[in-house]
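Written below as structure tokens is the structure these notes are about.
Just so it is clear, none of the values below were taken in a lab; they were calculated from the coordinates. Computed from a predicted model, the values in this text were never measured in an experiment. A quick note on method: Cβ atoms are made from the backbone with ideal geometry, for glycine too, and the neighbour counts reach across all protein chains shown.
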Amino acid sequence: MRAIAVSEYGATPAPMNLPVPEPGPGEILVRVIAAGLNPLDWKIADGMLKDSVDAPFPLILGQDGAGVVDAVGEGVTRLRPGEQVYGSFRGVERGLGSYAEYTVARDDGPVAKMPAGMLYTQAAAVPTASATALAMVEEARVDTGQTVLVVGATGGVGQGVVQLASRAGAKVIATARDDMAGTMRRLGANETVDHSAGDLNRQVLAVHSDGIDAVLDMVGDTRATEHLAQLLRPGGTYITTTWSVHPDAMEAKGLRGINFEGESSAELLDRLSDLIDSGGLRVRVEREVPLEEAADALAENRAGGARGKTVLRI
Ligand SMILES: NC(=O)c1ccc[n+]([C@@H]2O[C@H](COP(=O)([O-])OP(=O)(O)OC[C@H]3O[C@@H](n4cnc5c(N)ncnc54)[C@H](OP(=O)(O)O)[C@@H]3O)[C@@H](O)[C@H]2O)c1
């Protein structure tokens, strides 16, 4: 089968011809039709998991995908051949991933039936980014009447966070360069601040001089986080996907600091399907590219400037 893989950590992802995996007991084999690109994919290619997972090489990249169940292993009861499914197919320990014509998942893993009427290319864009957004907004306890700053709002996770925080009743301030300010407002942001136009604290405090209730951050390093945390009112929450928070230091200042670690599940995907079906969440696919162009798409995502999700057509 055609796949995009690396021959070692740090190598350039390349098209390869690799064997179709066999579904073991409790597993499904999925014919992948579209794969969603996440920053995690190039981070894994770089070696992010090298000390925690003993991966075989070539290592196929990608975790998000959508396709059709092709075959099922012994003992599979939930999903059936022919069903349209989407979800997370990360299989680093077996060298498998979603950037391939076929991949496997556990029947009881983070894979669910696709939302009715959804295109494969849209479904593949959903799992990691939207599940992260939903779980983050809930863990931050975003609520009516709060004012929250979303940092990295224009990216895959951020666009979901803006919509779901707004839906939870909060006043949302979204970071956006000029070209994305209108899109952020259409997704539910009340205000935008431009992270390319000077200090964010100054821009936020110019409108909210008594501070804000929460920062949901998809970008910051420790230094940026400590600076932005100065915006929080007593009792405020700082949650980040980039593990830039020192929770104890935050607690000492009367704040709640959370390093978010996402864990997807079929139940979470079903909740996302319902939200998407009811119009409560939109997932913007910025562009679709053929599988063979994955290396360029990954390099572009690493360079920044995402304006929605990138999807690979298998
Ligand atoms: N911990 C977890 O469980 C978890 C789960 C999902 C994702 N993540 C991580 O979360 C991060 C975001 O993921 P993603 O999928 O949303 O990435 P993405 O789609 O690539 O988007 C990143 C966005 O951040 C914006 N940005 C960059 N620098 C910024 C700054 N200084 N201030 C404000 N915005 C800035 C970028 O726009 P410009 O370049 O135009 O500024 C871009 O729109 C990644 O590091 C990813 O690995 C972690």
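Structure above, values below:
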| read-out | value |
| --- | --- |
| Label-point separation in nm, residue 190 to residue 259, each point 7 Å along Cα→Cβ | 3.2 nm |
| Peptide ranges 167-174, 43-50 listed from the most packed, as the mean C-beta count within 10 angstrom indicates | 167-174, 43-50 |
| Shape category assigned to the stretch 146-208 from the gyration tensor of Cα positions, a/c cut at 1.5 | oblate |
| For the chain, calculated [θ]222 nm from helices alone, where every DSSP H run of n ≥ 4 adds -39500 (n - 2.57) | -7500 deg cm²/dmol |
| For 227, 208, order by how many other beta-carbon atoms lie within 10 Å, fewest first | 227, 208 |
| Rounded, prolate or oblate (a/c below 1.5 giving rounded, otherwise prolate when a/b exceeds b/c) for the stretch 200-283 by Cα gyration tensor | prolate |
| Under 22 Å from the Cα of residue 309 - lysines, other chains or at least 8 residues apart | 43, 113 |
| Efficiency of FRET from Cβ geometry, residue 249 and residue 202, R₀ 25 Å, rounded to 0.05 | 0.60 |
| Inter-probe distance in nm under a simple model that places probes 7 Å from Cα toward Cβ, at residue 51 and residue 209 | 4.7 nm |
| Most to least packed among 298-307, 52-61, 25-34 [average Cβ atoms within 10 Å] | 25-34, 52-61, 298-307 |
| The stretch 192-240-the stretch 110-154 distance, computed between alpha-carbon centres (Å) | 21 Å |
| Degrees separating the helix 127-139 axis from the principal Cα axis of the chain, which is the longest one | 40 degrees |
| Neighbour-count order for 102, 120, 238, fewest beta carbons within 10 angstrom listed first | 120, 102, 238 |
| Computed lengthening from residue 1 to residue 296, 0.36 nm per intervening residue step minus Cα-Cα distance | 104.1 nm |
| Dimensions in Å of the chain - Rg and Dmax from alpha carbons | 19.8, 62 |
| Cα gyration tensor category, rounded, prolate or oblate, for the stretch 129-259 with a/c compared to 1.5 | rounded |
